1. Considering the alpha-carbon set of the chain alone, what are its Rg and its Dmax in angstrom?
2. Between K94 and L297, what is the label-to-label distance in nm when each label sits 7 Å out along the Cα-to-Cβ direction?
3. Taking K and R as +1 and D and E as -1, what net charge do the other residues with C-beta under 12 Å from the C-beta of C346 add up to?
4. Let me have the relative contact order for the stretch 52-111, percent, based on Cα pairs under 8 Å that are six or more residues apart.
5. Treat each spin label as a single point 7 Å out from the Cα along the C-beta direction, and report the E246 to M42 distance in nm.
6. Can you report the principal axis dimensions of the stretch 35-120 using only the alpha carbons, biggest first, rounded to whole angstrom?
7. In a GNM of the chain with a 10 Å cut-off on Cα contacts, which of P290, P40, P356 has the highest mean-square fluctuation?
8. In percent, how large is the relative contact order of the chain, given Cα pairs closer than 8 Å and 6 or more residues apart?
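Every number in this text was worked out from the coordinates using simple rules, so none of it is lab data. All figures in this text were calculated on a predicted structure; none of them were measured in a lab. Don't worry about glycine lacking a Cβ; one is built from the backbone with ideal geometry, like all the others, and counts go over all protein chains shown.
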Amino acid sequence: MKRTLKTVATVALAGFVVASCSSLNKMKRLEKNIAYKVTPEMLEAKGGQVDLKIDATIPAKYFNKKVTLVATPVLKFQNGGEKAYEPKTFQGEKVQGNNEVVPYATEKTVNYSGTVPFEEGMRVSGLYVKFQGSKGKKSADYESRKIADGVIATATMVNNAPAIAIGADQFERITKEEQEAAIYYLINSAQIRTKEMSSKEIKAMEKFIKDAKAAEDMELKNIQIQSYASPDGPMSFNENLANNREGAADKFVKNNMKKNKVEEYINGLREIEKEERIRLYINSVSKNMPIQMFVYLFDIFKQSTNGAIYKPIPYLGDIRLFIAEDTEKIVFHRSEEVINFWRENCIGDVTVIMIPGNHLTCFTDVNNIQKLVNMITEK
């Protein structure tokens with residue numbers, strides 16, 4: 001009897017050990033189901049640092065309740081080196097600890113952000129996540145697929161160190177001021193992304209240009225555009241890419257300056273008295289038009305525009321819809337479109353009645369007017 005119990009106990013213990021290892025192996029096998037979103041999509045070196053943000057969506061029934069998982073983002077270089085970011089620890093629901101808890105039954109998105117100093121080997125590299133899972137005394141190491149490429153390092157090629165000028169005295173009749181703004185492109189692309197158009201550097205550049213044009217003691221001399229491409233790849237390809245990027249940046253700057261001129265013009269109109277502003281409008285159309293006529297025509301245009309975009313609420317009663325028979329000379333909408341419009345906005349019945357004349361003559365022709373009156377007064 002004792003031997004039987006001992007054997008059963010030993011078998012049960014072995015089954016427990018297998019189950020413990022199995023949970024870690026399952027997480028390793030199903031890691032491919034984790035969805036990663038990396039920001040930026042192509043890692044960039046800025047100010048000597050490579051910043052990183054990862055949003056990882058962990059599916060339901062992936063994270064074992066008794067597992068602790070240490071995740072470490074790693075940049076692997078093509079030359080064999082690597083650089084690890086700071087690790088972050090996650091834990092299952094039944095683990096005693098102060099780490100971020102990942103539920104078993106439901107999906108959860110976890111967040112990570114970190115930075116490492118730029119190294120030359122990062123120019124051609126890939127981003128991976130190394131995992132070290134543990135459950136009790138058992139552990140398992142595994143690694144994600146590549147989740148991002150790195151690293152755009154064009155900014156490191158620009159020398160921003162100021163030159164030192166030595167002279168007999170420190171007096172300068174003309175003080176030179178400069179403002180720089182960098183536009184970062186995706187790899188092998190010359191398209192300027194929306195976020196680059198509204199970056200802090202671009203906003204600062206726009207303000208610098210506006211202030212220079214407005215100041216009496218400043219003169220805007222020139223705007224210089226320089227373009228670079230990564231040294232990786234064929235020389236001819238990189239030259240064409242750099243030229244395309246320069247063309248895109250030049251077009252962006254010119255369009256921006258045109259937009260600023262329009263804004264300046266509109267802001268200038270706001271400062272003018274209303275009557276003088278109307279006079280400027282009239283002069284651009286016809287110098288002989290009286291102000292009263294312009295105001296009258298503008299009011300008609302405004303009311304017509306408001307009517308064109310008016311959205312009526314549904315009508316609960318019945319509608320008699322009068323439509324001119326002659327639509328050849330003056331047509332604003334096709335008759336079937338008008339009929340369908342009112343049928344969609346009427347809860348009751350829509351009765352269509354055709355009237356003689358067109359959009360104008362149904363009201364200006366005496367015979368047509370009498371027929372229309374008779375139709376309206378009919379019950």
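1. Looking at the chain, its Cα Rg and Dmax stand at 36.6, 120 Å.
2. Here the answer is 8.3 nm between the modelled labels.
3. -1
4. Numbers: 105 pairs, mean separation 27.1, N = 60.
Normalised by residue count, the contact order of the stretch 52-111 is 45 percent.
5. 1.9 nm
6. That gives 43, 22, 21 Å along the principal axes, largest extent first.
7. Per the Cα network of the chain with a 10 Å cutoff, P356 tops the list.
8. Values: 474 pairs, mean separation 38.9, N = 379.
Once normalised by length, the contact order is 10 percent.
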